[in-house]
Amino acid sequence: MNVSRHTPVFSMPLLVLVFLCFACAGGKEGPVGSRTISYYSDQTLVVPQKISRIACGWNAQNSIIAMLGYGEQIVATTDMIRKSPIFGRFVPSIKNAAVCVSSSGTLNVEELIKAKPDVVFLTENAGGQQLQQIRQMGMPVALLKANSIKNLVERAEITGRILGDDAHARALKYVEYYNNNVKRVGERVSRIPQKQRIRVYHTMGSPFMTAAAPSLVQDWMDLAGVINVAENWKLTSSSPGTASRNVDLEQIIAANPEVIVCMNSADAKTIRSGPAWKSIQAVKNGRVHVNPQGMFLWCRESTEEALQFLWLAKTVYPSLFQDVDMEKETRHFYETFYGYRLSDDDVHLFLNPI
């Protein structure tokens, strides 16, 4: 992977700059040398005026922090992110970060304490004695919501306010880009009658693991104008890594999806070559796709979600999106929001993971 770095420039209208001064108590002063951030309807966080050290125990949240210009301030992260070669290219210092969350999802409080972070980012589901211990040590902990696009976009804005005005400006630029893509895609797919919409099955780390509604997966399928065949299925779990399966092959065959989107290439290989899958329309017609990946999986909780539904809409409805060049879109996104210019090989790898 060949990546060159330069500093992205963001221009903000005067109205937005005024908003930054007053938005959601983002600039409210707490104790001397600190800021008090109010978010959601019931959360308050007191952080230093300047954030220099960040702990992030949530894989995808690391990409949001990096997008907002604070990747080099991550001093404690997850095992997966520290080992990620692509994340390491964008943020070389990540290899020196402590591992505060293992591959099994276990929080290492000792490593977290040694890292001395100014703020800790965790999912709202984090809890128990470990969370209590962290807070007792005086570490500000931001518990943020997941599993919907609304939560993801809101999380980017909240993270920007927590990190500071420079990060908040970038977050607002990202929200603007996301909203523009929603409009671009929505205007086109709205012309497709419901009966003509493509039926899609999504795998999540196993050919037999998927997501119903409500979920992040349901959200990006809705935005792309496709039908999630699993929308109304009763599933025991819909989080990758928590189970190896939540559906049976017979259920998938009965749904007969026209397109299958796999979170990883291993799932796609299994489905394309497995005799039991050959009767499914998506397999017969060669419409089994591997989801793009970059800093993180586009289909999960990262900023690249703004590209996910554009890619899917272009993939399943090519005639409606003939003017959309996903290589150009990908290059523009990472250059604009991460400050990196990708090579042709990089772009191809992101769009065609192996």
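The values are calculated or read from the model by the stated rules, or taken from the named source; none is laboratory data. As the structure is a prediction and not an experimental result, all values here were calculated from the model. Methodologically, a virtual Cβ is constructed for each residue, glycine included, from the backbone with ideal geometry; neighbour enumeration extends over all protein chains shown.
Anything in the stretch 97-134 that is assigned to a loop (DSSP other than H, G, I, E, B) and out of contact with any Gly (no Cβ under 8 Å at 6 or more places or on another chain)? List them, or say none.
Listed by number, the residues that qualify are ALA97, SER102, SER103, SER104, THR106, ASN108, LYS116, PRO117, ASP118, GLU124, ASN125, GLY127.
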*Could you check ILE94 against (1) assigned to a helix (DSSP H, G or I); (2) in contact (Cβ under 8 Å) with a residue 40 or more places away in the chain; (3) in contact with a Phe, Trp or Tyr (Cβ under 7 Å, 6 or more places away or on another chain) and say which number it fails?*
(2)
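Among the residues of the stretch 248-258, how many are of a type in the set (A, V, I, L, M) and buried (at least 21 other Cβ atoms within 10 Å of the Cβ)? Let's see the steps before the verdict.
First, the residues of the stretch 248-258 that are of a type in the set (A, V, I, L, M): 249, 252-255.
Still in the list and also buried (at least 21 other Cβ atoms within 10 Å of the Cβ): 252.
Residues in the stretch 248-258 being of a type in the set (A, V, I, L, M) and buried (at least 21 other Cβ atoms within 10 Å of the Cβ): 1 in total.
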*Mind checking whether some residue in the stretch 270-290 is touching a strand residue (DSSP E or B) at 6+ places or on another chain (Cβ under 9 Å), touching a residue at least 60 places away in the same chain (Cβ under 8 Å) and part of a loop (DSSP other than H, G, I, E, B)?*
no
*For LYS173, which of the numbered conditions (1) surrounded by 16 or more Cβ atoms within 10 Å (Cβ to Cβ); (2) within 30 Å of ARG272 (Cβ to Cβ) fails to hold?*
(2)
*Of all the helices (runs of 4 or more DSSP H) wholly in the stretch 1-89, which have at least 2 residues that are surrounded by 14 or more Cβ atoms within 10 Å (Cβ to Cβ), of a type in the set (Asp, Glu) and modelled with pLDDT of 95 or more?*
none
_Restricting the stretch 299-350 to residues that are assigned to a helix (DSSP H, G or I) and of a type in the set (Asp, Glu), the residue that is nearest to THR159 (Cα to Cα)_ = GLU305
*Residue satisfying all of: in the stretch 312-354; buried (at least 17 other Cβ atoms within 10 Å of the Cβ) and among the β-branched types (Val, Ile, Thr); nearest to the chain's Cα centre (by Cα) among these*: THR330
*Kindly indicate whether any position in the stretch 135-155 is touching a residue at least 24 places away in the same chain (Cβ under 8 Å), charged (D, E, K, R), assigned to a helix (DSSP H, G or I) and exposed (fewer than 12 other Cβ atoms within 10 Å of the Cβ).*
yes
*asked:* Every residue in the stretch 195-231 that is in contact (Cβ under 8 Å) with a residue 40 or more places away in the chain, under 16 Å from the mean Cα position of the chain (by Cα) and farther than 18 Å from ASP267 by Cα, please.
replied: SER215, LEU216, ASP219, TRP220, MET221, LEU223
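Results for (1) part of a loop (DSSP other than H, G, I, E, B); (2) closer than 20 Å to ILE192 by Cα, shown as yes or no for each residue.
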site	(1), (2)
THR210	yes, no
VAL247	yes, no
PRO257	yes, yes
VAL261	no, no
_On the basis of being surrounded by 22 or more Cβ atoms within 10 Å (Cβ to Cβ) and assigned by TED's automatic domain parsing to the domain that holds ARG155, does VAL119 make the cut?_
yes
*asked:* Could you check the stretch 238-288 and list, in sequence order, the residues that are at negative phi and within 19 Å of the chain's Cα centre (by Cα)?
replied: SER238, SER239, PRO240, THR242, VAL261, CYS262, MET263, ASN264, SER265
*Residue tally, condition part of a helix (DSSP H, G or I), closer than 19 Å to TYR39 by Cα and not charged (D, E, K, R), over the stretch 162-189*: 9
*Could you tell me whether any residue of the stretch 203-226 is among the acidic types (Asp, Glu), closer than 18 Å to ALA146 by Cα and at pLDDT 95 or above?*
yes
*Is it fair to say ALA167 is under 24 Å from LEU310 (Cα atoms) and among the small types (Gly, Ala, Ser)?*
no
*Given (1) among the aliphatic types (A, V, I, L, M); (2) within 30 Å of HIS348 (Cβ to Cβ); (3) buried (at least 22 other Cβ atoms within 10 Å of the Cβ), where does VAL101 come up short, assuming only one miss?*
(2)
*Filter result for the condition that a residue is surrounded by fewer than 21 Cβ atoms within 10 Å (Cβ to Cβ) and outside the structural domain of SER319 (by TED's automatic domain parsing), over LYS195, LYS183*: LYS183
*Per-region count, the stretch 203-219, residues of a type in the set (A, V, I, L, M, F, W, C) and crowded, with 20+ Cβ neighbours inside 10 Å*: 5
